[in-house]
Each structure stands twice: as structure tokens, then as C-alpha cells.
Amino acid sequence: MLSNLKKKLTLGRDRHSDLCPRCRKIDFATLINGVRGPLSWETSGHDIGTLAQLGERAPRCVFCSFVHARAVAKGRAELDAAKMCFVKSWPVSFINWRDDSLKKPKARSPNDLLVGVTDDTTRLWGEHVTYLATLRVERREQSDRLPAPVEEFGRARMLHDDHVDINLCKAWIDLCKTRHKGTACATAAKQWPQHLYVVDVKQRCVVSAKQGCEYVALSYVWGTATSLKLSSLDDCDLFCPGAIDQHWQTIAPTVRDAIDATGQLGFDYLWMDALCIPQDNRNVKQTLMAQMNFVYANAALTIVAAAGVDANHGLTGLSSRSGGTNQTKLSFDGLNFVTTLHGGDDRLEKQRTTTWGTRAWTYEEQVFSRRQLIFTDSQVGWRCCCAMWREEMVLESFDDKVDSFSGPSLLAEPLFNPDSLQEDLDVKQIVKHYNEAVGQYRRRELTFPYDALNAFKGIGESFASIVDWRFFWGLPEVAFTPSLAWVFEGSVRNDAVADWRLIKKGMSKDRHHIRLPSWSWAGWQRPRDNTKSSSFGSGVVPPFGEITWYRVGENDSLLKVKEDVTFGMAKGNTTFWPADAQPAQTHWIGSPQTIQAAETVDDDDFVDLGLLKAWTRTCRLKLRYHAEPVDATQRNSHLTLLQQNNAIIDAKPAQQQGQGHFDISVQDAACLFAQQQVIEVTAVALGRNWSFDTVALLTEVREQVCHRVGLIMIPEVIWMTLDSRWELVTLG
């Protein structure tokens, strides 16, 4: 039944002639053009009867027939037969004015019509609703002229059934180049990548890229696919003209399609890892891996293969669309509609749930690409620094001073923007940006946990190039102590052996087997089924210079970590401690605080073993885990602190009532406690937060090395009563 609606349904002389009496009462023109502002049932929605009633009216009503057919296609016709069907308006797009002097937009797209079923007619959203389809007003003008006329803004395009509209993609590129001059879209990276090789799509071979040449980059998921790779620079026939054609059948479909697309879009060169990174040259490979930010930032365009699980999938729509576009064209009440590609859920494929959108390696590719042409299973989309466009909807800018964005985003979340670092050089704000990037990155997955830092090198390099930072195992030296207080709820220790390249450039791969340290976020991973929130840099520990950290190298060599001790202080302050906090400071600090002769090692010769040493205060803690919160008003009150006789220690000052719950975050509480209700751990103090809590790492001690298992915050009045001691600690 649904397939019959694929063809355009036409009306007779009376525009209501194909509608039943109930549907004739609906003012569809008002729904799509009328109400602006808060939506209500009276102004934006109409019930049209139960699904069973629609089934009876379907032979005599175009709209009832369409809705019932959608319910049948989704398997809801019998299940929801008694539920009420509705149609409501929904605004989906807006205009972003780049000129602040222009306050009112010239045009706004028509509202969409959402069709669904509900068991609560007072609420047309949430768990009560099952959406069946979204109808969008079809554009009047079918030409490919861009920018589109004002009156076409927000209207639907009919897609080609068998292929992507390459001419539209080329128009997007030209529109961005002409309309976004002087923006980040037109600004390449300041540094050109070393050892950059590209595929010459005309000569059909690999060539060395000339500095400043215009090239396309490919972002995709390699997965388990087998494909031809560039093995070495000295002896490889891929540098001979025509070599690509000779090896065509051994190249993965996604890479083949990207080569074809590059030529069709008017470019001569394509970069992708398989054919442009020599796999057998460690030094060149390592150099390029650390320059992914420059590779993608210098690309004129990035082709994103967002569909499929590996490189065998190809770019959907480049040669053909399997199964067509699933668009339906519908006419009634004097209006022409086209169904959106994702029914009631009008987002262009949730990128976070696709394989490409969940892979860690694609994160920095996505972040640094100035222009992206995104191939999904159903359509192609565009994302640049100034606009987001999509094949099924007219959103292209129609004025030099405006760019259009659609409400349903091409991307699942706003990503860290490296361009924000150019204007904001305040250390505290830059640390915040870095925390944001790590938090987004750690929600993604890695096939090999030891790649946790390799896949993030480009992000680190972007910070280092702007503020001259150094990073140790993913933590910025300038704010090292607060960075140790990261939190990733639900994460588990990965115990991965560090990639040899992280230890020392050029070192023998078998020289060291060093595990990623527990104190670094890179030493932990998120289980695939974990839905808990993740954040990096909880902001609870402004550094204050009381702890001096040292990195441990070969032969017990040490290098001092040089923090910015003013980070987190108010401007003009010379100390973190308020005047009335001196007793706590006296209790906190011991002696000695530094390790003698620790700066005699040459940094260039230092081999980092992933260990830290520092003089700090430690305390043995006894913790009881409760499945339910001890205090319903406290989100993280699942733990109580116990004395050695298992009595609960008061967690609040004497004048307050209540007993011992603590704000605590462990990477996986159930895993940490296992079947035990009570455990003993060693707390390694980092300092205080602004709420006067002592912030400490929870650690397990093995062979005199403390291994992190979590983070705890204890009211300082309680911490001062505990049996703690000042000692030299080793973190591993």
C-alpha cells in the first residue's frame, strides 16, 4: 500500500475532493504557515481519529490512506488500532544572521507536519507518542540554482532515486568558497604536513603533494576490510602513472568511490591513510599520525563515509542508492508535500550511533575538517564552519549576510572547535577547551586500547602549537594537578601496553612493555554498553604549588613537572589559600616537598616509564558501598566512610545533623567493590576544592606503587581528623 503512494497523488477540481469530511476541517495552510511562538494543541495539532477509523476512511481520503499506510509499514496498525492519530505543525529551521545589525530574518521555512499516534491527546511528544511520518512542503522551483530564492527556503527537495546529485554538491562547494570568504572555512592550517602524499586522480597514482596544493581528504572507518596499502616509499609501483587502475580491484570500495568522487567534484588530489601513509616506515608514519590536525585542516574538503561498518560499504549514492530514497510525494488541500527521509525522527541519522560517529580515530578528523561532504545511507549532507546543508531540504543561504542552519543537525553534538583557541589565550579557558575535547573523545570507541593517545595526538598538537604546551600521557603540564582529577563514570581499566611510539621516538618496539598509567584518562575505557555521562577535568582542584610532581624514567631518572601555580587564582592573588584557612594548610603540608637533583636529566634523552613521584599526604580509608543513595538529596552518596570498628564517621560539622556520605566518583563502583560491601583503599591527596573538601585519588597499592581506582572528595574537617601521613608516593 505504501509503495503506491510513491507516485504523486493528484486532486480534482475541488481541492477537498480527495479528503474525508473530518480531514476537510483541518486548515493545513495555517498549520504550515500560521502559528509562530509557543505551540499548543488548539493552534498546532488536530486529532483525526483512531487508526481503526482511518483504515475505514482510507479508500475515500488521501490523507487517511497515507497515515494508515505508514502505520501498516511500521507494524503499528493492529497494535495501536485504538489509539488516536494526530497531525501537528513543527518549526524546523531558522536563519543565523552574521551581521548583528540585522535583527529580523527576511524569511523562515514553512512548518513541517508531524503525523503520529498517541494514547494521551493532551501531550503530543514524549513516551506517549509514536511518530509515523514527517511531511514537508515541496519547493516550487526545481532548478539547481544556488543560492535558492528566499521563498524556497526550508522546502523539500525530491532526491534522485538512483544517485546523489553531484551538481548540488559542487554548488555547495562553490557557495561556501564565495560566501564564506574570510571565515574559518577559507582558513587553512598555518603549518603544511610533512611527508604528505596524495593520490593523483588524473594520473591514477600516488604523488608527493606540493605545498599549498588543493586536495580532498577522506574520513572513513577501515574496520575489517582488506585494501591495498602503500607499503614503502622506496620500492612501490603505486608511484607509477596508471598504478591505481592496475590495482583497482584490490582497493576497498569506499576508497574507490572516494577517488571517483574527487574527480567528479573537480579536484585533482585525494588523501587517505591506506594509500598515502607508508605502513612500513615507522618514522614517517609516526610523523603523519601526529599531524592529522594539519592533514585535515589543510584539505579543501573532507569526504565523510558516515555509513557502513567498514571500508567495504562504499559511498552510498555515488554510483547508486540501494532501495531508493524512500521519499513519498503527496498532494492534498491544494498543497504539495514530500516525506522526510527519517519519518517522525527528522534528524539526519544520529551520527553518534553510526560506526563512523562512534570511532575514536574519526573524532579529530571531524574536528579539524573545514568543509565536510557527509555520505549517509540515505542522502548526502554538508557541514562547514558557517553552515549545515542537506540534500533533502533547501537551506542554502540566499543573502551575503546570512547563513541558514536546520534545526535537525547533521552532527549529534557540538564539537570542540579548535578555532576558538585563536582568540582566547587565557590559560584557564584553554584548559576548559581541552577538557571539553577529551570528554567528547572518550565517549568514542577504539579497537585497540593502546591507541588511546595516538588517535588524539592531533588535538594535543593543536593546543601545543598555540600556547606552547607539553602533554604527559594526555595531561597538560600547565595544569597537571587538576587534570589528575578527571572523572569518567562507568569506565574500566584497560591495562593496555603503551604504543612504543609514546615512550620515545625511534625506540625499538620491544624495548619496553609499559602499561598506560592508571592516573591518565588514556588508561581507562568506556564499555560499549555504558550510557553514563563522561567529563574530563572536574575543576575541583586548582593547583597551588604545594605538590611537586616528577616523571620517572629509566635508571630512576626524574624530570620535574612544571605547573602554572597561578592557574585558577583570582587576578592579583599570590596564594590559593584564604587568610582563614591557614590551619588547614599547616595540617596539609609536610616536609620535604621536593626531590633533590631531579632536574639533571636531559629532556631529549628521557624515557618516560609512565610513573609519577611526589611528596603528598596519604590516608588509609575504609569504605562501604550502598546500592541505594544514603541521602536521597545527594546524587553521589552511595558510600560511607568507616572507622576501623566499622562505625560510620560523621561527615558534617557537629552543629549539623546527618552522617557520613561523601561525594565520590569511581570508574566502576560495582567493579571496584565486586561482591564486597566494604573495601580498604589508600587515598592520595591532590589538594582542596573551592568548597573546602580534600580531593584525593583512591588507589590500590601493589608493589609500593599506587594505582588509581577512583576519586573522592571528603570534607576537610573530617580529613583533618583521619590518621594521615606525609610520604613519597609513586603513582603508576
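Mind listing whichever residues of region 371-392 are within 17 Å of the chain's Cα centre (by Cα), under 17 Å from ASP257 (Cβ atoms) and modelled with pLDDT under 85?
none
Do you know which residues across region 708-727 are more than 16 Å from THR481 (Cα to Cα) and part of a strand (DSSP E or B)?
VAL709, ILE714, PRO715, SER724, ARG725, TRP726, GLU727
For GLN211, only one of the following conditions fails: (1) polar (S, T, N, Q); (2) closer than 25 Å to CYS384 by Cβ; (3) surrounded by 15 or more Cβ atoms within 10 Å (Cβ to Cβ). What is its number?
Exception for GLN211: condition (3).
Failed condition for GLU716, given (1) among the charged types (D, E, K, R); (2) more than 20 Å from ILE679 (Cβ to Cβ); (3) at pLDDT 90 or above, with all others met?
(3) is the only condition that GLU716 fails.
Tell me, which helices (runs of 4 or more DSSP H) wholly within region 450-517 include 2 or more residues that are at pLDDT below 65?
By residue number, 500-503.
If a residue must be of a type in the set (Lys, Arg) and under 23 Å from TRP271 (Cβ atoms), how many such residues does region 153-203 contain?
4
Has region 269-283 got at least one residue that is at pLDDT 95 or above, among the hydroxyl-bearing types (Ser, Thr, Tyr) and under 23 Å from THR355 (Cα atoms)?
Within region 269-283 (the criterion being at pLDDT 95 or above, among the hydroxyl-bearing types (Ser, Thr, Tyr) and under 23 Å from THR355 (Cα atoms)), the answer is no, since none of the residues qualifies.
Conditions first: (1) modelled with pLDDT under 75; (2) more than 31 Å from the chain's Cα centre (by Cα). SER665 passes all but one, so which condition is the exception?
(2)
Quick one: which of THR254, THR187 is touching a Gly at 6+ places or on another chain (Cβ under 7 Å) and either closer than 29 Å to THR354 by Cα or open to solvent by 60 Å² or more (accessible area, probe 1.4 Å) (or both)?
THR254
Looking at VAL216 and the list (1) closer than 30 Å to GLU445 by Cβ; (2) modelled with pLDDT under 95; (3) surrounded by 15 or more Cβ atoms within 10 Å (Cβ to Cβ), which single condition is not satisfied?
(2)
When the residues of region 148-170 are narrowed to those that are in contact (Cβ under 8 Å) with a residue 60 or more places away in the chain and part of a helix (DSSP H, G or I), which ends up most open to solvent (accessible area, probe 1.4 Å)?
Top of the filtered list is LYS170.
The values are calculated or read from the model by the stated rules, or taken from the named source; none is laboratory data. Small disclaimer: the values here were computed from a predicted structure and weren't measured. In this analysis, Cβ positions are derived from the backbone assuming ideal geometry, glycine residues included, and neighbour counts consider all displayed protein chains. What goes into the accessible areas is simple: the full protein's heavy atoms, side chains included, and nothing from ligands, DNA or RNA. Shrake-Rupley method; radii C 1.70, N 1.55, O 1.52, S 1.80 Å.
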